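What follows is one structure encoded as structure tokens, with my remarks underneath.
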Amino acid sequence: MPVQRLVPTQEAADLLALTREIAQEELAPKVAAAEADEQFPREVFRTLGRAGLLGLPYGEEYGGGGQPYEVYLQVLEEIAAVWASVGVGVSVHGLSCFGLATKGTDEQKQRLLPDMLGGELLGAYCLSEPHAGSDPAAMRTTAVRDGDAYVLTGEKAWTTHGGQADFYKVMARTSDHRSRGISCFLVPADSAGLVADPAERKMGLTGSTTALMRFEGVRVDADRRLGDEGEGLPIALAGLDAGRLGIAAVAVGLAQGALDDALAYAKERETFGVPIIEHQGLAFVLADMAAAVETARAMTLHAARLKDAGLPYSRQASIAKLVATDNAMKVTTDAVQVLGGFGYTRDFPVERYMREAKVMQIFEGTNQIQRLVISRALAKGGAVSTAVAPAEFALA
Ligand SMILES: Cc1cc2nc3c(=O)[nH]c(=O)nc-3n(C[C@H](O)[C@H](O)[C@H](O)COP(=O)(O)OP(=O)(O)OC[C@H]3O[C@@H](n4cnc5c(N)ncnc54)[C@H](O)[C@@H]3O)c2cc1C
């Protein structure tokens, strides 16, 4: 069933129509084979970049789309409804551009941002290390100043687009201070000493390459440091607030795709002489799935609208990530149930959706860490604020 959307402008409605067209024509025919063969679809990202879909929430002066976050997230959702790995990739690329767009100097932005936002260059984001995932301040990778450069040494685990990306946004230690001793660098993929391990063999999201990156004395020009020395962790964490909303939107799209497939099947498949959707016990499963998808979408867009209005949104981003990914896990599991035995085979994509949903509860901060963020915000309290939304809306 088409998703009913309310977007702020006609331009946004047109953008969503374009996204749906590209998703159906360019993504849908490729997804099953690429996921089965564990092939990273680099050319799909070029297509999305050329269509202007890789830099949507960033300023037009540097080649971005100048769109509100609520529009960007709905585009992301439409992509993920057809291909979750690509949705995750678009979100991670956006995250890898965030530091430069928010903390880069004008000179750095002019030099680097247009190719990144235009999709010519694909980004990756290196925060986690083998022993430091939920606790990134425990990282050990070092960046030691040497003349007009830094020398990076260490390992970055779980890098989405590892070995495929053109640049890596890397957090590395410039001093021993646990949280204020971390700095942020944009490292070109062809830097000497930067090596990707073989890709991880994952349960799902197999079209998205994930690899450990080794930094073996990688020299990075000092003018590729973003922000001041010691500002890396705040840059990384601010990026994650926005990135979490990206993953929430991807989870909503994935769940919507599972619901659509389950609904279509339930209208066709007959038992006891009627389509299974006419059995109330099964129809209520579908009703719960629809409620879970719409709840997750509403929470995600609420957080995005707070961000667009310049209001604090960190707690709401964590709630959105928690709700959307837990709901996606439940909805995709229920989709397998709706398809019965066929749902458990690789002849239908719902078993893949279920495998893909699982990782969304784990990355960009596990859902335990989201609960930590939410509960700390509750303990601290905070002002209740009201912002007035713009008047113009269009149906998409
Ligand atoms: C497919 C994939 C792609 C990824 N892509 C990237 C990427 O592009 N860039 C990047 O930097 N990282 C990436 N990651 C890493 C990801 O963000 C981490 O896996 C995640 O943050 C969890 O860290 P960990 O795996 O080290 O688990 P741990 O931190 O070791 O946690 C293990 C378990 O303990 C729980 N736990 C830990 N601390 C607490 C606590 N204080 N309270 C309650 N429970 C707790 C966790 O929730 C989890 O269940 C990716 C991971 C995967 C699987």
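Suppose the filter is touching a strand residue (DSSP E or B) at 6+ places or on another chain (Cβ under 8 Å), buried (at least 19 other Cβ atoms within 10 Å of the Cβ) and part of a strand (DSSP E or B); does residue 152 pass it? So residue 152 fits the description; yes. Within the bounds of region 255-264, is there any residue that is modelled with pLDDT of 95 or more and within 16 Å of the ligand (Cβ to nearest atom)? No: zero hits. Among residues belonging to region 132-148 that are of a type in the set (A, V, I, L, M, F, W, C) and in a helix (DSSP H, G or I), point out the one that is farthest from the ligand (Cβ to nearest atom). The qualifying residue farthest from the ligand (Cβ to nearest atom) is 137. The lone criterion from (1) over 30 Å from residue 352 (Cβ atoms); (2) surrounded by 15 or more Cβ atoms within 10 Å (Cβ to Cβ) left unmet by residue 213 is number (1).
Among the conditions (1) modelled with pLDDT under 95; (2) surrounded by fewer than 24 Cβ atoms within 10 Å (Cβ to Cβ); (3) under 17 Å from residue 15 (Cα atoms); (4) touching a helix residue (DSSP H, G or I) at 6+ places or on another chain (Cβ under 8 Å), the only one that residue 102 does not satisfy is (3). Within region 155-175, the set of residues being farther than 30 Å from residue 43 by Cα and not in a loop (DSSP other than H, G, I, E, B) comprises 172, 173.
Matching residues to (1) more than 16 Å from the ligand (Cβ to nearest atom); (2) more than 13 Å from the chain's Cα centre (by Cα); (3) not aromatic (Phe, Trp, Tyr):
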site	(1), (2), (3)
82	yes, yes, yes
88	no, no, yes
91	no, no, yes
96	no, no, yes
110	yes, yes, yes
115	yes, yes, yes
130	no, yes, yes
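Looking across 73, 113, 56, 121, one residue alone is among the aliphatic types (A, V, I, L, M) and in contact (Cβ under 8 Å) with a residue 60 or more places away in the chain. It is 73.
Check whether at least one residue in region 290-304 is charged (D, E, K, R), in contact with a helix residue (DSSP H, G or I) (Cβ under 7 Å, 6 or more places away or on another chain) and at pLDDT 95 or above, and report yes or no.
Yes: region 290-304 contains one or more residues that are charged (D, E, K, R), in contact with a helix residue (DSSP H, G or I) (Cβ under 7 Å, 6 or more places away or on another chain) and at pLDDT 95 or above.
Among the residues of region 179-230, the ones that are away from the ligand (no atom under 13 Å from the Cβ), within 20 Å of residue 116 (Cα to Cα) and not in a strand (DSSP E or B) come to 7 in all. Here residue 124 clears all of (1) surrounded by 20 or more Cβ atoms within 10 Å (Cβ to Cβ); (2) outside any helix (DSSP H, G or I); (3) away from the ligand (no atom under 16 Å from the Cβ) except the condition numbered (3). Yes or no: region 74-88 includes at least one residue that is surrounded by fewer than 22 Cβ atoms within 10 Å (Cβ to Cβ), modelled with pLDDT of 95 or more and not in a helix (DSSP H, G or I). Within region 74-88, none of the residues are surrounded by fewer than 22 Cβ atoms within 10 Å (Cβ to Cβ), modelled with pLDDT of 95 or more and not in a helix (DSSP H, G or I).
Determine if region 369-377 includes at least one residue that is surrounded by fewer than 22 Cβ atoms within 10 Å (Cβ to Cβ) and away from the ligand (no atom under 16 Å from the Cβ). Looking through region 369-377, none of the residues is surrounded by fewer than 22 Cβ atoms within 10 Å (Cβ to Cβ) and away from the ligand (no atom under 16 Å from the Cβ).
Yes/no matrix, rows are residues, columns are (1) in contact (Cβ under 8 Å) with a residue 40 or more places away in the chain; (2) of a type outside the set (Phe, Trp, Tyr); (3) in the same structural domain as residue 240 (by the TED database); (4) over 24 Å from residue 6 (Cβ atoms):
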| residue | (1), (2), (3), (4) |
| --- | --- |
| 276 | yes, yes, yes, yes |
| 286 | yes, yes, yes, no |
| 297 | yes, yes, yes, no |
| 316 | no, yes, yes, no |
| 325 | yes, yes, yes, no |
| 363 | yes, no, yes, yes |
| 375 | no, yes, yes, yes |
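Within region 347-368, the set of residues being among the charged types (D, E, K, R) and within 15 Å of the ligand (Cβ to nearest atom) comprises 352, 355, 356, 358, 364. The set of residues from region 221-262 being surrounded by fewer than 18 Cβ atoms within 10 Å (Cβ to Cβ) and either β-branched (Val, Ile, Thr) or closer than 30 Å to residue 340 by Cα (or both) comprises just one member, 260. Contact map, region 149-170: first residue within 10 Å of the ligand (Cβ to nearest atom), second residue among the basic types (Lys, Arg), Cβ cut-off under 7 Å, separation 6 or more or different chains; pairs are 170/156.
The values are calculated or read from the model by the stated rules, or taken from the named source; none is laboratory data. Only a predicted model underlies this, so the values are computations on that prediction, with no experimental measurement involved. Neighbour counts run over all protein chains shown; Cβ positions are idealised from the backbone, glycine included.
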